[in-house]
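Only the coordinates and a few stated rules stand behind these numbers; no lab work does. As the structure is a prediction and not an experimental result, all values here were calculated from the model. FYI the Cβ positions are ideal-geometry reconstructions off the backbone, even for glycines, and counts take in every protein chain you see.
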Amino acid sequence: MAKKKETYLGAAQKIAVREFLFNQFNFNNIVGLAGPDINEYLAKCKENGFKNIIVYERDIETAIKQMQVVDNHDFQYRIGDILHADPNIENTLYDLDYCVTARYMKEHIAKFTKNFIMTFSRRIKDVESMATFFKTRGEKIVSEIVKHSPVLHTVYKTHNGGIYIYTPYHDTSNMFCIAKIK
């Protein structure tokens, strides 16, 4: 079994993608999954202007470890699946770093409808991931534009006016983010 990553501090591509995507949103609030290093996550949220932070963690062992090492308690902590979060809080970014394939996250893909960044594993082909994502959302892509700066990304527009940014990256494994910006 592969060892779990303990921090993203050395993950240059993930950091660049996160910065690029966080800059697409101008909100004070963020609801997210902190990942392996809660202090790094909270610091990045604060650096990006988020004042009200709600962190979810569904694994009780991870929650205990996070609470033992957290430096700053200026955030709300919820033990449970982020699927139970209110997906309609105004002026809020939902940072949903699932790290599994889209194939198994249909309920989450359907629930969060605006202002989100979802991170998935690329262990399955991108064609299947994107088909699963947009089919689950009931949207059809009408245009796509590939851009190479500041990070490689594709802007998708859908039949109902939705705008998404897809960003593939590789640090320790192949991943991608898809953000709904409109």
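Kindly provide the helix-only [θ] at 222 nm of the chain, computed as the sum of -39,500 (n - 2.57) over DSSP H runs of four or more divided by all residues, to the nearest 500 deg cm²/dmol? Write out the running numbers ahead of the final one.
Values: 5 runs with 49 residues, N = 182.
Mean residue ellipticity at 222 nm (helix-derived): -8000 deg cm²/dmol.
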Counting other Cβ atoms within 10 Å, which trypsin sites (Lys or Arg not before Pro) in region 50-152 have at most 15 and lie in a DSSP loop? Lys51, Arg58, Lys114, Arg123, Lys125, Lys140
Helix 38-47 axis, angle to the chain major axis (alpha carbon atoms, nearest 10°): 60 degrees
For helix 12-22, what angle does its Cα long axis make with the longest principal axis of the chain, in degrees from 0 to 90 and rounded to 10? 80 degrees
Filtered hits (lysines, Cα-Cα < 25 Å from Lys157, offset >= 8 within chain) -> Lys14, Lys106, Lys111, Lys114, Lys125, Lys135, Lys140, Lys147, Lys180, Lys182
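Could you work out the equivalent-ellipsoid semi-axes for the chain, taking the square root of 5 times each eigenvalue of the Cα gyration tensor, largest first, in whole Å?
25, 18, 17
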If I stretch the segment between Tyr77 and Thr136 completely, what's the gain in nm (0.36 nm per residue apart, minus their alpha carbon distance), one decimal? 18.4 nm
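Count the net charge of all other residues whose Cβ sits under 11 Å from the Cβ of Thr113, scoring Lys and Arg as +1 and Asp and Glu as -1.
Numbers: positive: Lys111, Lys114, Arg137, Lys180; negative: Glu139.
Taking every Cβ under 11 Å from that of Thr113, the sum is +3.
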Treat each spin label as a single point 7 Å out from the Cα along the C-beta direction, and report the Lys51 to Glu107 distance in nm. 3.5 nm
Modelled label reach - Asn91, point 7 Å along Cα→Cβ, region 13-30 residues with backbone N closer than 19 Å: 22-30
